[in-house]
Amino acid sequence: MSSSTSAARAYHHGDLRAALLAAARDLLRTHPARSLSLREVARRAGVSHAAPAHHFGDRQGLLVALALTCMTEFVTAQEQAAATPDALGNLLGVGAAYVAYAAQHPQAFTLIFDPEICPPDRPSPLTPLIERNHALLDSLIRAALHAGQLRSDQPQALAAALWGTVHGLAQLVLLGHLPPDAVPAALHALLTAVPGPQNAT
């Protein structure tokens with residue numbers, strides 16, 4: 001079922017806000033967020049051009065709501081990738097899912113890291129989801145450390161380094177400098193290069 005069809009059904013059932021968000025998400029598949037307008041979203045949803053302003057206030061309000069939708073998708077994809085008994089395997093899976101989301105949804109990925117939508121220096125509506133994502137990474141690193149699959153006495157610094165690495169890989173994929181299928185092997189090579197206690201000299 002297409003997003004447009006879902007939007008139409010949501011509208012006919014009285015959930016106009018959901019219909020407008022579905023229309024905006026549909027547009028985001030092929031258009032950057034900076035090009036979206038309230039009028040175009042209303043047109044895609046098949047409703048009055050005044051409808052988005054009633055539900056979101058202005059274009060910024062719409063983009064924040066859209067970013068919440070995309071961030072939820074992004075975090076959920078990573079959580080679903082962390083479903084094995086192997087701590088290091090989960091960490092690798094989450095990293096691959098992070099980059100895969102960027103490759104498959106480039107406009108959505110760009111939106112959720114837009115500092116005007118998600119300011120790094122103050123709380124925003126996305127903050128609970130960001131904290132949930134950080135908590136996932138932290139728990140996976142601690143599990144891998146506990147299992148002896150990684151070694152570090154600075155887990156928070158290690159989490160920041162891994163986040164930076166995965167985000168950098170995502171950017172390289174988005175810019176076409178790295179093929180998406182090279183990412184799992186790159187992550188595996190990086191994480192297995194960090195010796196566990198059994199490999200320490």
Using the Cα atoms of region 18-91, I'd like the radius of gyration and the largest Cα-Cα distance, Dmax, both in angstrom. 16.0, 51
Per principal axis, descending, Cα span of region 97-179 in whole Å: 38, 34, 17
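What dipole magnitude, in Debye to the nearest 20, does region 60-156 give about its Cα centre under +1 on Lys/Arg Cβ and -1 on Asp/Glu Cβ?
Working: 4 positive and 9 negative charges, 28 e Å.
Here the size comes out at about 140 debye.
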Alpha-carbon Rg with Dmax, taken over region 44-155, Å: 17.3, 59
What list of whole percents do you get for P(r) of region 38-79, with Cα-Cα distances grouped in 10 Å bins up to the one holding the largest distance? 29, 42, 22, 7
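Quick one, what does Rg over Rh come out to for region 56-111 if you take C-alpha atoms and the Kirkwood Rh? Kindly include the intermediate steps, with their values, before the conclusion.
Numbers: Rg = 13.8 Å, Rh = 12.2 Å.
Rg divided by Rh gives 1.13.
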Using only the alpha-carbon atoms of the chain as identical scatterers, what base-10 log of I(q)/I(0) does the Debye formula give at q = 0.14, 0.18 Å⁻¹? -0.85, -1.19
Report the far tail of the P(r) of region 138-199, meaning the percent of Cα-Cα pairs longer than 12 Å. 71 percent
What relative contact order, as a whole-number percentage, does the chain give when Cα pairs under 8 Å and 6 or more residues apart are counted? 18 percent
Helix 87-104 against the longest principal axis of the chain: what's the angle in degrees, Cα atoms only, rounded to the nearest 10? 30 degrees
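Considering only the other residues whose Cβ falls under 13 Å of the Cβ of HIS134, what net charge follows from Lys and Arg at +1 and Asp and Glu at -1?
Net charge in that neighbourhood comes out at -1.
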Give me the accessible area of ARG151, 1.4 Å probe, in Å² rounded to the nearest 10. 120 Å²
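Rounded to the nearest whole Å², what accessible area per residue is found for the chain with the 1.4 Å probe?
Numbers: 10580 Å² over 201 residues.
Value for the chain: 53 Å² per residue.
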Measure off, as a whole percent, the carbon and sulfur share of the 1.4 Å-probe accessible area of region 101-196, all protein chains present. 61 percent
Going 7 Å from the Cα of GLU131 along its beta-carbon direction, which residues of region 144-173 have the amide nitrogen within less than 19 Å of the resulting point? 156, 160
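Provide PHE74, PHE56 ordered by accessible surface of protein heavy atoms (probe 1.4 Å), highest first. Spell out each step's value before the answer.
On the way: PHE74 0, PHE56 25 Å².
Most to least solvent-accessible, the answer reads PHE56, PHE74.
The values are calculated or read from the model by the stated rules, or taken from the named source; none is laboratory data. As the structure is a prediction and not an experimental result, all values here were calculated from the model. For neighbour counting, all protein chains shown are included, and Cβ atoms are generated from backbone atoms with ideal geometry for every residue, glycine included. Please note that ligands, DNA and RNA were not included when accessible areas were found on the heavy atoms of the full protein model with its side chains. Shrake-Rupley method; radii C 1.70, N 1.55, O 1.52, S 1.80 Å.
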